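In what follows, a single structure is set out as structure tokens and then discussed.
The values are calculated or read from the model by the stated rules, or taken from the named source; none is laboratory data. Because the structure is predicted, anything quoted here is derived from the model rather than measured. All Cβ positions, even for glycine, are placed from backbone atoms using ideal geometry, and neighbour counts span all protein chains on display.
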Amino acid sequence: MNVKELADSVTTAKKESKKRNFTESIDLAVNFRDLDLKSPSSRFNFQTILPHPIKKDLKVAIFASGELATKAKEAGINTILSRDDLEALGQSPKDIRKLAKEHDFFLAEPPFMPLIARYLGKYLAPRGKMPTPVAPTVDLKELIERLKRTVQLRVKSNPVVLTKVGDVRMASKDIAENIEAVIHALEGKLEHGIFNIRSAYIKTTMGESLKIEVH
């Protein structure tokens, strides 16, 4: 995989996209071959950390109390939810779906996790948004910076992974390095590594798909 060639492809995708009144993302689609999706070993759902942030305005919710709730407020976390909030959510699937849609990541103090699994699991898990447990001693600002570089990679019923790798404001080289990181992460999950990858494409949000070389 040649990062310079990837960067050139990203630049081409940017140039070919019409100017929009919003910031378009750069999305990556990776298609697989020879995956038996009936077998659990061929399906995966995991997070990987990229070298460059893909989202500046990250929306994070945390289930916390006491010291951690105070630290979350100081760190500027968007939504801080108490045990009472959690139990109220458990009675309102509509509010749970709204919460899931409006936030990129969820965090939680470990004691909250059993209740979260009970009340919210069936709504958050399929979206890849089950909370990450965090201790009261965690550096939340550092964690949020890491989450800005985190993507969820999932194969369930179709042999393809779709993920954001940046936006049109980013340097093409940075996006190319993010693409490279995603491909390497996927290789590690595939039985035959790179040979299980059939093809890969990038596109802006509203643009046409552009095939890229990853072998």
Subset of the stretch 139-151 [in contact (Cβ under 8 Å) with a residue 24 or more places away in the chain and out of contact with any helix residue (DSSP H, G or I) (no Cβ under 8 Å at 6 or more places or on another chain)]: 141, 143, 144, 145, 146, 147, 148, 149, 150
Filter result (aliphatic (A, V, I, L, M), surrounded by 14 or more Cβ atoms within 10 Å (Cβ to Cβ) and farther than 16 Å from residue 52 by Cα) within the stretch 125-155: 130, 134, 138, 140, 153, 155
Conditions (1) under 30 Å from residue 212 (Cβ atoms); (2) over 20 Å from the mean Cα position of the chain (by Cα); number of the one not met by residue 127: (2)
Single condition residue 206 does not satisfy, out of (1) hydrophobic (A, V, I, L, M, F, W, C); (2) surrounded by fewer than 17 Cβ atoms within 10 Å (Cβ to Cβ); (3) at pLDDT below 95; (4) closer than 20 Å to residue 49 by Cα: (4)
Residue check for residue 161: touching a residue at least 60 places away in the same chain (Cβ under 8 Å), under 22 Å from residue 45 (Cβ atoms) and crowded, with 18+ Cβ neighbours inside 10 Å: yes
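Take the stretch 9-35 and flag every residue that is of a type in the set (Phe, Trp, Tyr) and either within 22 Å of residue 182 (Cα to Cα) or in contact with a Lys or Arg (Cβ under 7 Å, 6 or more places away or on another chain) (or both).
32
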Checklist (1) out of contact with any Phe, Trp or Tyr (no Cβ under 9 Å at 6 or more places or on another chain); (2) at pLDDT 95 or above applied to residue 44, failing item: (2)
Matching residues in the stretch 114-155 - criterion: being touching a strand residue (DSSP E or B) at 6+ places or on another chain (Cβ under 7 Å) and not hydrophobic (A, V, I, L, M, F, W, C): 128, 129, 131, 132, 133, 146, 149, 150, 152, 154
Scan of the stretch 38-67 for residues that are more than 13 Å from the chain's Cα centre (by Cα), touching a residue at least 24 places away in the same chain (Cβ under 8 Å) and within 22 Å of residue 156 (Cα to Cα), ordered by number: 41, 42, 43, 44
Residue in the stretch 167-184 that is on the phi > 0 side of the Ramachandran plot and either surrounded by 13 or more Cβ atoms within 10 Å (Cβ to Cβ) or of a type outside the set (A, V, I, L, M, F, W, C) (or both) present: no
Residue that is modelled with the lowest pLDDT, among those in the stretch 165-203 that are charged (D, E, K, R) and more than 14 Å from residue 48 (Cα to Cα): 191
Residues located in the stretch 101-114, provided they are at pLDDT below 95 and among the hydrophobic types (A, V, I, L, M, F, W, C): 105
